[in-house]
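Here, each number is a calculation from the coordinates, and none is a lab measurement. The structure presented is a predicted model; accordingly, all values stated were derived computationally and were not measured. Cβ placement follows ideal geometry from the backbone for every residue including glycine, while neighbour counts extend to all protein chains displayed.
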Amino acid sequence: MAEIKIDAEPRTEFGKGAARRLRRNQQVPGVLYELGQEPIHVALPGHALMLALKNSNALLSVKVSGKSHLAIPKQVQREVLRGFIEHVDLLKVKRGEKVTVDIPVHAVGEAISGSLVVTEMSEITIEAEATHIPEYVEVSLDGLDVGDQILASQLELPEGSTLAIEDDMLIINVTSQPTEPEPEEEVEAETEEAAAPEEEAEQADEESE
């Protein structure tokens, strides 16, 4: 995964008022942190950050006060209605370091006609080298039939990546298509037809009396 370079500014003002002022200037408040180290509070360019975070595991090279920091997004807060980024936490990483991340599962191909493919897990957790995080894992549906399943252990992960979930976790489940219920009119007609002989029998009994 290629590094995405972003120039950031150090942030010294905090609180809701300061955050609103940053957003009015098309900037996003954020934090660069590393275990055991003091966090670095930054203001990032909003548009550039939005483009960079189209990939949820983007590898960023954030330059602050003349020094570059390699980082990946760990938490992104977005405005509920419009989806604007309101705040971002970035985890500093080192080359060769392993990190644990979630990546999406992409299903390709088609199962056998008449079957229904259910994606039980749309994301899986893996461990990968910080500068080689895969964008997704691909699963082929070609030839799958009713009753077939794909477990986590059957996924083909890129070289250098390992599962961080149980091997027997169900990823894809293939079931049969649900049968369509009969139209209400037909059901009512069948009920009326079934009731007719009973009514005729009751009338015959009354006449015989």
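List of remarks:
- Relative packing of peptides 14-24, 100-110 - highest average C-beta neighbours within 10 Å first: 100-110, 14-24
- In the chain, helices alone account for a calculated mean residue ellipticity at 222 nm of -6500 deg cm²/dmol, with every DSSP H run of four or more residues adding -39,500 (n - 2.57).
- Summed side-chain charge close to LEU157 - residues other than LEU157 whose Cβ falls under 11 Å, Lys, Arg +1, Asp, Glu -1: -4
- Taking the DSSP beta bridges with both ends in the chain, the antiparallel portion is around 75 percent.
- Beta bridges by DSSP in segment 4-93, antiparallel share as percent, to the nearest 5: 70 percent
- Projected label distance in nm at THR100 and THR179, using a 7 Å step from Cα toward the beta-carbon: 4.6 nm
- Counted charge near GLY109, where neighbours are those whose Cβ lies closer than 10 Å (Asp, Glu -1; Lys, Arg +1): -3
- Relative contact order %, segment 100-176, counting alpha carbon pairs below 8 Å whose residues are six or more apart: 41 percent
- Assuming charge only on the beta carbon of Lys and Arg (+1) and of Asp and Glu (-1), the dipole of the chain about its Cα centre is about 4940 debye to the nearest 20.
- Interchain or long-range residues, amide H under 5 Å from ILE85's placed H: GLU79
- In this Cβ point-charge picture (+1 for Lys and Arg, -1 for Asp and Glu), segment 4-93 has a dipole of about 280 debye about its Cα centre.
- In this label model, ARG82 and GLU9 are separated by 2.0 nm, measuring between points 7 Å along each Cα→Cβ vector.
- Remark: segment 130-135, residue by residue, has Karplus-estimated 3J(HN,Hα) of 4, 9, 9, 7, x, 6 Hz, where x stands for each Gly or Pro and the curve is 6.51 cos²θ - 1.76 cosθ + 1.60 at θ = phi - 60°.
- Near ILE6: Cβ cut-off under 15 Å, other residues only, Lys/Arg at +1 and Asp/Glu at -1. The net charge is +2.
- Long-range amide H partners of ILE124 with built H, under 5 Å: ILE103, VAL105
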